[in-house]
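Working notes, structure below.
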Amino acid sequence: MRAIRLALPLVLFASAACAQAGFQSCLSGLRADAAAKGVSGATFDRAMAGVEPDMKVIEAMNNQPEFKTPIWDYLGTLVDDEKVAEGRNMLRQYASVFAAAEQRFGVDRHTIAAVWGVESDFGKARGKWPLVQSLATGACLAPRRNAFFKGELIATLQIIQRGDVRPDRLFGSWAGAFGHTQFIPSTYLRLAVDGDGDGKRDLVDSIPDALHSTANFMAKAGWVTGASWGYEVRVPDGYSGPSGRNPKHPVSTWAARGIVKFDGSPLNGAGNAGLLMPAGRNGPAFLVFKNYDAAYSYNGADSYALAISLLSDRLRGKPGVQGQWPTDDLPLSREQRRELQRLLISRGYNVGEPDGAVGSLTRTAIKEIEGKLGMPQTGRPGEKVLRALKGGRV
């Protein structure tokens, strides 16, 4: 046993050394690929100087919230009263910028603001991963999507070479999305535009550039000026017809199946629509049109597109989701999550700052509380755990 324990660090060291050697070899190959795309050797060498692989990128690939988090939890913090208030403040503060983007591209200001709010919390959460390091790690060491990371890395180097964004400002998500509205580098090259008239396309330090670029993205994705993304509907009990964003059918087809608006009024809207049931037959349902697809194209997840669409409605003054989610443990808003964290801290748990962002420390503490309550240990920040803490049951 002792021999095994002694050998283990040597094995790990050897594995790390092999990974590092493979990483450096990969970078050498990428230098030639970047050169073929017009990236100079000097630009490549400056950008890659001292870059080491970050294995947390690989871990993050397997934990994307749009695909793992229940839809009601995902929407709980992205479309809460706090976010709506912040969005309305931004619409007032940057009214002239939104108006110019709306007129230029035909995308309404509420949708542009919703993308900004969901993507970066209006610029407060733009990501802390160095783009070059994250993308180089993915390009060389990711078990899948290598081609994606390679392409985005080269696009990042092209951005650096163009000089629109300073290299020391290129921080974002693990997958390379950066700036106020989180464009990936290849999307930046295709669709970013100058919104403030300075001749540059800076999505990091220019809010006009970011908002105009987002409007351009939505327009190019097929946005129909003046049309709705969709609305909430009621589906008859026992409904067994088709559902999903696609395929779409005429509104009359859905009406013939007994579907009505949530308030009971007849369906309306131009063009074909899909019936979205993100939580299954027992949850809320939505009829979604072409503008929903434009929002979907931004991230490729129904939870994301629904967050954009519902937040845009809330910013217009419309109500949120009216139907009931199929859960007996409702999600928490950001303020409720902060309250939960403060209560955990008061009981001696280390959860970091009570900022409403639920990370591993908070989840570990919740799991322990759930164990004490005899609940399944999920680590999920739900209403039941909050009520138990507020009531002094643990």
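Please treat every number below as a calculation from the coordinates, not as lab data. Bear in mind that the values here come from a model prediction, so they are computed numbers and not experimental data. Backbone-built Cβ (ideal geometry, glycine too); neighbour counts: all protein chains shown.
What is the fewest-to-most order of LEU27, LEU170, LEU344 by other Cβ atoms lying within 10 Å of their Cβ? Display every interim value, and only then the final one.
Details: LEU27 18, LEU170 21, LEU344 24.
The fewest-first ordering by Cβ neighbours comes to LEU27, LEU170, LEU344.
Quick check for me: using +1 on Lys/Arg Cβ and -1 on Asp/Glu Cβ, what's the dipole size of the chain about its Cα centre, in debye to the nearest 20?
Numbers: 48 positive and 39 negative charges, 134 e Å.
Taking the Cα centre of the chain as origin, the dipole is about 640 debye.
Long-range amide H contacts for VAL260: which residues qualify at under 5 Å (H placed 1.01 Å from N, peptide plane, sequence gap of 5 or more or a different chain)?
Residues meeting the criterion, in which the H sits 1.01 Å from N, are ARG234.
Check every DSSP H run in the chain and write down those whose alpha carbon atoms cover 27 angstrom or more along the long axis and whose mean Kyte-Doolittle hydropathy is -1.0 or greater. Provide the component values of the computation, followed by the final result.
Numbers: long enough: 2-36 (52 Å, 0.95).
The qualifying helices are 2-36.
Just want the ordering: ASP313, ASP194, from fewest to most Cβ atoms lying within 10 Å of their own Cβ. Could you put the intermediate results ahead of the total?
Numbers: ASP313 23, ASP194 16.
Lowest count first: ASP194, ASP313.
With the cut-off at 1.5 for a/c, could you classify the chain from its C-alpha gyration tensor as rounded, prolate or oblate?
Details: a/c = 1.81, a/b = 1.18, b/c = 1.53.
Here the chain falls in the oblate category.
Note down the net charge around PRO250, summing +1 for each Lys or Arg and -1 for each Asp or Glu among other residues with Cβ under 14 Å from its Cβ.
Working: positive: LYS248, ARG257, LYS290; negative: none.
Its environment carries a net charge of +3.
For ALA273, enumerate residues with amide H under 5 Å from its amide H, sequence gap 5+ or separate chain, H modeled in the peptide plane.
Here the answer is HIS249, VAL251, since their amide H atoms fall under 5 Å of that of ALA273.
Calculate one ³J(HN,Hα) per residue across region 276-284 by plugging θ = phi - 60° into the Karplus curve 6.51 cos²θ - 1.76 cosθ + 1.60, and present them in order as whole Hz with x for glycine and proline.
Once θ is set to phi - 60°, the couplings for region 276-284 become 9, 10, x, 10, x, 5, 9, x, x Hz.
Only loop residues by DSSP count here, and only those with at most 13 other Cβ atoms within 10 Å; note down the trypsin sites (Lys or Arg not before Pro) in region 288-368 that meet that.
Sparse-neighbourhood loop trypsin sites (Lys or Arg not before Pro): ARG347.
I want the local charge near ALA279. Using Cβ-Cβ distances under 14 Å, sum +1 for each Lys or Arg and -1 for each Asp or Glu among the other residues. Write down the numbers at each step before the final one.
Details: positive: ARG281; negative: ASP73, GLU232, ASP302, ASP328, ASP329.
Here the count lands on -4.
Just rank VAL260, VAL132, fewest to most, by other beta-carbon atoms within 10 angstrom. Please list the in-between numbers first.
Values: VAL260 16, VAL132 21.
Fewest-to-most Cβ neighbours within 10 Å comes out as VAL260, VAL132.
May I ask for the net charge around SER240, where only other residues with Cβ less than 10 Å from the Cβ of SER240 are counted and Lys, Arg are +1 while Asp, Glu are -1? Spell out each step's value before the answer.
Numbers: positive: ARG257, ARG281; negative: none.
Summing Lys and Arg as +1 and Asp and Glu as -1 gives +2.
Using only the Cα atoms of region 143-228, build the gyration tensor, take square roots of its eigenvalues as a ≥ b ≥ c, and label the shape rounded, prolate or oblate: rounded if a/c is under 1.5, else prolate if a/b is larger than b/c, else oblate. Please list the in-between numbers first.
Working: a/c = 2.15, a/b = 1.25, b/c = 1.72.
Oblate, because a/c is 1.5 or more while a/b does not exceed b/c.
Name the residues whose placed amide hydrogens come within less than 5 Å of the amide hydrogen of GLY172, ignoring near sequence neighbours (fewer than 5 apart) on the same chain.
LYS128, TRP129, LEU131
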